[in-house]
Amino acid sequence: MHNILDEANAEILLPAKKIAARVRELATEISRDYRNQSPHLIGILKGAWVFMADLIRQLDLEATVDFLGIASYGTGTTSSGEVKITKDLDTSIEGRHVLVVEDILDTGRTFHYLQEVLLARQPLSLKLVTLLDKPSRRVVPVYADYVGFTIPNVFVVGYGLDYGQQYRQLTDVWSVRPSTS
Ligand code: PRP
């Protein structure tokens with residue numbers, strides 16, 4: 001596919017092959033940790049769906065899935081920290097081993113909010129797997145149980161992640177310098 005990014009302002013941070021290899025490793029680790037259990041994977045829309053689709057196909061487990069739609073107020077490259085649910089879960093998570101699937105853990109505000117909302121629904125356990133982690137941006141002390149890649153404070157798109165709702169379909173993760181004009 002022709003690259004739709006302006007390469008003067010963007011470069012590949014994580015090539016598709018490297019992502020695929022890491023997703024396999026994460027799936028092996030998760031399959032081991034949840035052995036003899038049937039985890040319930042909750043993908044956080046929209047960014048997580050590409051990662052979740054690849055991850056679940058590598059799991060050596062019986063797993064079920066659901067999706068939670070989240071909107072954080074704010075535009076461009078930063079979020080204000082205010083979060084609201086735009087699409088709730090379809091089924092109860094009470095008594096389930098829940099594994100939240102995220103594309104990126106940034107300030108931590110979204111997952112901090114999600115933890116409160118989901119723990120109130122009494123799952124048996126609640127863990128987080130995130131493809132990308134930017135610990136240098138954290139403003140709330142939350143941690144992921146499984147991290148694909150720890151990355152520096154660069155703006156990233158591709159493999160589900162967007163900039164202005166574009167670029168989610170790119171197979172690589174790119175770092176971009178958003179234009180200031
Ligand atoms: C991203 C990501 C997380 C959140 C993490 O979603 O999918 O949900 O930001 O940021 P935080 O740790 O600073 O709260 P985004 O708001 O970009 O929406 P999208 O998934 O629909 O692209």
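Starting with the fewest neighbours, write out ASP60, ASP145 ranked by other beta-carbon atoms found within 10 Å of each beta-carbon.
ASP60, ASP145
Based only on Cα atoms, what Rg/Rh ratio does the chain have, Rh being taken as Kirkwood's radius?
A ratio of 0.96.
Could you list TYR113, TYR159 so that the one with the fewest beta carbons within 10 Å of its beta carbon is first and the one with the most is last?
TYR113, TYR159
If we count GluC sites (Glu not before Pro) as exposed when they sit in a DSSP loop and have at most 10 other beta carbons within 10 Å, what is the longest stretch of the chain that avoids them all?
95-181
Compute the semi-axes of the equivalent ellipsoid of region 88-164, taking the square root of 5 times each eigenvalue of the Cα gyration tensor, and list them largest first in whole Å.
Three semi-axes, in Å: 24, 13, 11.
What net charge is computed for the residues neighbouring VAL129, neighbours being all others with C-beta under 14 Å from the C-beta of VAL129, Lys and Arg scored +1, Asp and Glu -1?
After counting each charged neighbour, the total is -4.
In what sequence do SER92, SER175 fall when counting other Cβ within 10 Å, fewest first?
Neighbour counts put them in this order, fewest first: SER92, SER175.
Please compute the net charge surrounding LEU14, taking Lys and Arg as +1 and Asp and Glu as -1 over other residues with Cβ under 10 Å from its Cβ.
+2
Tell me which chymotrypsin sites (Phe, Trp or Tyr not before Pro) from region 11-76 have a DSSP coil assignment and no more than 13 other beta carbons within 10 Å of their own.
TYR73
All of the numbers you see were taken from the coordinates with simple rules; none came from a lab. Since the structure is predicted, the reported quantities are computational estimates derived from the model, not experimental observations. As a convention, Cβ positions derive from the backbone with ideal geometry for all residues, glycine included, and neighbour counts pool all protein chains shown.
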